[in-house]
Amino acid sequence: MALTLRSSTSFINLKDSKSLKAPDGISSTISFAQMMPSCSLRVKNSTQGAQLSSGNIFTLEGNKSNKWEKVSEISIPQTSNGPKVPVFVMLPLDTITLGGKLNRPRALNASLMALKSAGVEGVMVDVWWGLVEKDGPLIYNWEGYADLVQTVKKHCLKLQAVMSFHQCGGNVGDSCSIPLPPWVLEEISKNPDLVYTDRSGRRNPEYISLGSDSLQVLRGRTPIQVYADYMRSFSNRFKDYLGDVIVEIQVGMGPCGELRYPAYPESNGTWSFPGIGEFQCYDKYMIASLKASAEAISKKDWGLGGPHDAG
């Protein structure tokens, strides 16, 4: 099991990297639940170092109080070979620029150095389809990510790579805008039913609808073929790092990389907290699939649209 800490913005300012020191005697504890006995990652100030500890963990209550509170207790012996959970920290969404270059390499180096000193196992990064294949079908630019992999390796860290086939921007935590590749957006403009659509006909360009996954709608290729070609190119480009530096691949399957509808879009004011989401299954390909399934079970009326009292 690995713990991934997500952050959409850079957490270290290069100018302030020497002043990051906690007051003496203050410690912080990050705890996470699991089925096995709990453990905690305890981060002390710079004069005391950082350690992964188990057993009786105490934390100071407030800056002015001298009272200690017992927060967890387990029976595992306190040895250096005890159970550990690898921690991966999410890099900023704009780690690679729109031009395909490594963003703020000096600040990144300082951040990775600090993470390594804190005992972090590695980092996670979005590998944006909208950046890598932006110049045209089957034209890939991996150079920015190649620089990142080499930088991560230099600091003896590991990398989790997320194949991000969705748009960045318009959702909670999105700090930059990375649309789908321009040539894909061109196909969407010709055929708007390629993207998720709600009952009112509003389109969402965050991700290609699952309804068209098996159709040759992207200049002779299906979306599934496009994704496969992309990942094959990634594998070929980084084959020397797979299993060594790159230790995990995650594949995004929808908006924000999640297998779901873009049911709560914030960008155009359609949705606001705490409203419920909405079905986004009204593009012509989704409707055709629903109709075929309804007819297959002799329920033609079920194939006319979604339920009137949900979503």
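The values are calculated or read from the model by the stated rules, or taken from the named source; none is laboratory data. Please read these numbers as outputs of a predicted model, since none were measured by experiment. Neighbour counts are summed over all protein chains in view; Cβ atoms, including those assigned to glycine, are modelled from backbone coordinates with ideal geometry.
Does Tyr261 satisfy the condition of being touching a Cys at 6+ places or on another chain (Cβ under 9 Å) and among the hydroxyl-bearing types (Ser, Thr, Tyr)? Criteria met by Tyr261. Within the range 85-102, does at least one residue satisfy the condition of being in contact with a strand residue (DSSP E or B) (Cβ under 9 Å, 6 or more places away or on another chain), assigned by TED's automatic domain parsing to the domain that holds Lys239, surrounded by fewer than 18 Cβ atoms within 10 Å (Cβ to Cβ) and hydroxyl-bearing (Ser, Thr, Tyr)? The answer is no, given that none of the residues of the range 85-102 is in contact with a strand residue (DSSP E or B) (Cβ under 9 Å, 6 or more places away or on another chain), assigned by TED's automatic domain parsing to the domain that holds Lys239, surrounded by fewer than 18 Cβ atoms within 10 Å (Cβ to Cβ) and hydroxyl-bearing (Ser, Thr, Tyr). Here the range 125-148 is the region considered, the condition is being in a loop (DSSP other than H, G, I, E, B), touching a residue at least 40 places away in the same chain (Cβ under 8 Å) and hydrophobic (A, V, I, L, M, F, W, C), and the residue that is surrounded by the most Cβ atoms within 10 Å (Cβ to Cβ) is Trp142. The residues of the range 204-214 that are without any contact (Cβ under 8 Å) to a residue 12 or more places away in the chain and of a type in the set (D, E, K, R) amount to a single one, Asp213. Restricting attention to the range 211-232, which residues are of a type outside the set (Val, Ile, Thr) and either over 21 Å from Ile178 (Cα atoms) or modelled with pLDDT under 95 (or both)? Hits for the range 211-232 are Gly211, Ser212, Asp213, Ser214, Leu215, Gln216, Arg219, Gly220, Arg221, Gln225, Arg232. Applying the criterion of at least 3 residues that are crowded, with 17+ Cβ neighbours inside 10 Å and within 17 Å of the chain's Cα centre (by Cα) to the strands (runs of 3 or more DSSP E) found wholly in the range 149-253 leaves 158-164. Ile96 passes every criterion in (1) over 18 Å from the mean Cα position of the chain (by Cα); (2) closer than 20 Å to Val251 by Cβ apart from (1).
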